[in-house]
């Protein structure tokens, strides 16, 4: 259903055919298909207005007098301010297209909707979900009550990534691409702005996607092109999940688990609010606005500005230099290709990680969407990364650590010796590797 644009509600044939031509033009200009769907919906309102004016049989009847009557009709309608504004924008664009490209033959020069006649609604604040409610929705026991694995996994992916539900519903079966450090990123089509997008995944999201792949293999042995195939009337797995059914399934689940707010009142959460919640959490964690814009796939900073008014300067050049001078706990250089398809997603992950985990001797390579299983043990963690700027810290650490090993050995604390020795082994590999990099970059 997401890939079908309906024009049947446009009653006038001349208008319907003109709108279709406009849509073909916009698709050729690179507009997303979602815009075409919205075009049919909004121009149908203009058609409803014209239904009461049977004398308008072609573009010559679209006089300024008629346009002014349409503005009054819209202003006195019961539609929301947002719907009225959107409809006027589409009709305005339709008239401008017809005049500019001479596609609406006979269109009067006065058939114009001026910019000041389109009332823009104020930007709404994000409808994020409180942490009190999110704790209930994210609880493992409650998620387990979503009996259908596909629905359960889809909800978790939405919670973790902030994707739009429609985009998540049509994810390809294998949407994971690893970045240069081996961290999983999600590749998907951002239908709102018509581009392919790559974002870093939390470990929970990656594990959930892999579990869903296992479920699909089990349920559809012959395979499916979709990560989330349709849950009914889909024996061959060729149909994607119907996003429209998520609202009902989400509502039933919330009633089953009894979601309540802080006052004990029942709460109803909608799927798109997970997106607002991810954005709000990132802002609260201090993530710069331009990073959130990239992560959420907003077309412009204005969209992201609803979450905050902060816009930090980019650090991409510094990130590129950092990537060419980093080693892991084994002292191995971590490869990096700035032209790789995952480079942008890795840059987003790096910004998130540096904000979330500033370490005294390097950087954590894990995105902040997940918890760390290695507290106080970074030098033995496979996600740890460090650069020559921390050489002195590592040298001091190694010297102190040797003394601690000797003392623990003398005291018979052999378990402690083993733990400290693993740290020392990492340091003995990290320090020479960083010294080599330091010599190479600072002759």
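The values are calculated or read from the model by the stated rules, or taken from the named source; none is laboratory data. Computed from a predicted model, the values in this text were never measured in an experiment. Every residue, glycine as well, gets a Cβ built from its backbone with ideal geometry; the counts of neighbours run over all protein chains shown.
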Apart from one, (1) surrounded by 21 or more Cβ atoms within 10 Å (Cβ to Cβ); (2) touching a strand residue (DSSP E or B) at 6+ places or on another chain (Cβ under 8 Å); (3) modelled with pLDDT of 95 or more; (4) more than 30 Å from residue 333 (Cα to Cα) all hold for residue 159; the odd one out is (2)
Exactly one of 237, 286 is touching a helix residue (DSSP H, G or I) at 6+ places or on another chain (Cβ under 9 Å), farther than 18 Å from residue 133 by Cα, free of Cβ contacts under 8 Å to residues at least 40 places away in the same chain and part of a loop (DSSP other than H, G, I, E, B), and that residue is 237
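Does residue 21 count as at pLDDT 95 or above and either in a loop (DSSP other than H, G, I, E, B) or within 30 Å of residue 169 (Cα to Cα) (or both)?
Working: at pLDDT 95 or above: yes; either in a loop (DSSP other than H, G, I, E, B) or within 30 Å of residue 169 (Cα to Cα) (or both): yes.
In short, yes.
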### Task
Check whether at least one residue in region 135-154 is crowded, with 16+ Cβ neighbours inside 10 Å, assigned to a loop (DSSP other than H, G, I, E, B) and out of contact with any helix residue (DSSP H, G or I) (no Cβ under 6 Å at 6 or more places or on another chain), and report yes or no.
no
All conditions in (1) part of a loop (DSSP other than H, G, I, E, B); (2) under 24 Å from residue 191 (Cα atoms); (3) out of contact with any helix residue (DSSP H, G or I) (no Cβ under 6 Å at 6 or more places or on another chain); (4) modelled with pLDDT of 90 or more are true of residue 26 except (1)
Counting only residues in region 5-17 that are in contact with a helix residue (DSSP H, G or I) (Cβ under 7 Å, 6 or more places away or on another chain) and in contact (Cβ under 8 Å) with a residue 40 or more places away in the chain, the one surrounded by the fewest Cβ atoms within 10 Å (Cβ to Cβ) is identified as 11
### Task
Answer yes or no: is there a residue in region 87-109 that is outside the structural domain of residue 43 (by TED's automatic domain parsing), in contact (Cβ under 8 Å) with a residue 60 or more places away in the chain and surrounded by 14 or more Cβ atoms within 10 Å (Cβ to Cβ).
no
Of the residues in region 188-229, those that are over 19 Å from residue 155 (Cα atoms) and in a strand (DSSP E or B) come to 195, 196, 197, 198
Given the conditions (1) on the phi < 0 side of the Ramachandran plot; (2) crowded, with 16+ Cβ neighbours inside 10 Å; (3) under 20 Å from the mean Cα position of the chain (by Cα), every one holds for residue 244 apart from (2)
